[in-house]
Amino acid sequence: MSALLATGLERQVGDRVLFADLTVRVEPGEIVVIQGPSGAGKTLLLRMLADLDPHDAELSLHGETRRELGPSAWRRRVHLVAQDTPPHPGTPADWWVRVRGLKSLAGAELHDPAVIAARWGLELATWQRAWTQLSGGERQRIALACALATEPDVLLLDEPTSALDPEAVTAVEADLAGRTVLLVSHDREQARRLGARVVELGR
């Protein structure tokens, strides 16, 4: 049974049809890379799968439909990490306190995101700095580490390593191995390294 299955995905912007009657399937432990030219709808597709944009497609997670699970459980188990995380009030440590206090995570076994991000070269002191003082690469690692710390069923990642140096990219890719991931990336070498199945949009 597929970890994530979406059928009948459609998105149109103005008079332009980005995709129609699209099916997306991700098997447990599989990494699927979405590629295509700019404007093909890759980010919009991730938002639809995360149930953040309205649509009429059929979504299921391990055989349970989006309607059966409800929006809160769906978004907790199918987690989207955007390409850039906007600044939040306070520090990343403050933000993590709010995240782990969400009702949808009650009773969940959570990991320490600071330990995860340390494997990617992020210093522990970074979690105590204001978001406005962080670089794009630091914000990217923090957002991804917090997502991994909640152990979602499926990770939806939008260019998650675009602001990272090669050493950090290698470390992040190692932590994605064995997880169920749908990943937007322009880097064809990254898809090869991850052993990913590639889905092309806008072709």
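The values are calculated or read from the model by the stated rules, or taken from the named source; none is laboratory data. Predicted, not measured: the structure shown is a model, and the values here were computed from it. In this analysis, Cβ positions are derived from the backbone assuming ideal geometry, glycine residues included, and neighbour counts consider all displayed protein chains. The protein model used for the area step is the full one, side chains on, heavy atoms only, and it has no ligands, DNA or RNA in it. Shrake-Rupley method; radii C 1.70, N 1.55, O 1.52, S 1.80 Å.
Could you say which residue among 22, 45, 9, 52 is in contact with a strand residue (DSSP E or B) (Cβ under 8 Å, 6 or more places away or on another chain) and within 20 Å of residue 104 (Cβ to Cβ)?
52
Tell me which residues, restricted to region 6-20, are without any contact (Cβ under 8 Å) to a residue 24 or more places away in the chain and in a strand (DSSP E or B).
Within region 6-20, 12, 16, 17, 20 meet the criteria.
Checked against (1) surrounded by 19 or more Cβ atoms within 10 Å (Cβ to Cβ); (2) touching a strand residue (DSSP E or B) at 6+ places or on another chain (Cβ under 9 Å), residue 186 passes all but condition (1).
When only residues in region 78-109 that are in a loop (DSSP other than H, G, I, E, B) and touching a Phe, Trp or Tyr at 6+ places or on another chain (Cβ under 9 Å) count, which is most open to solvent (accessible area, probe 1.4 Å)? This residue is 89.
Scanning region 63-77 for residues being in a helix (DSSP H, G or I), without any contact (Cβ under 8 Å) to a residue 60 or more places away in the chain, over 13 Å from residue 3 (Cα atoms) and open to solvent by less than 60 Å² (accessible area, probe 1.4 Å) gives a total of 2.
Do we have residue 120 as free of Cβ contacts under 8 Å to residues at least 60 places away in the same chain, open to solvent by less than 80 Å² (accessible area, probe 1.4 Å), aromatic (Phe, Trp, Tyr) and farther than 18 Å from residue 171 by Cβ here?
On the way: free of Cβ contacts under 8 Å to residues at least 60 places away in the same chain: yes; open to solvent by less than 80 Å² (accessible area, probe 1.4 Å): yes; aromatic (Phe, Trp, Tyr): yes; farther than 18 Å from residue 171 by Cβ: no.
So residue 120 does not fit the description; no.
List every residue pair whose Cβ atoms lie under 6 Å apart, where the two residues are 6 or more positions apart in sequence or sit on different chains, the first residue falls within region 141-166 and is touching a residue at least 40 places away in the same chain (Cβ under 8 Å) and under 19 Å from residue 74 (Cα atoms), and the second residue, located anywhere, is open to solvent by less than 10 Å² (accessible area, probe 1.4 Å) and of a type in the set (Gly, Ala, Ser). Within 6 Å, the pairs are 154/3; 156/50. Hey, can you tell me all the residues within region 148-168 that are in a helix (DSSP H, G or I) and not aliphatic (A, V, I, L, M)? Answer for region 148-168, where residues must be in a helix (DSSP H, G or I) and not aliphatic (A, V, I, L, M): 166, 167. When 107, 70 are checked against the criterion of being under 21 Å from residue 153 (Cα atoms), among the small types (Gly, Ala, Ser) and under 20 Å from the mean Cα position of the chain (by Cα), 70 stands alone in meeting it.
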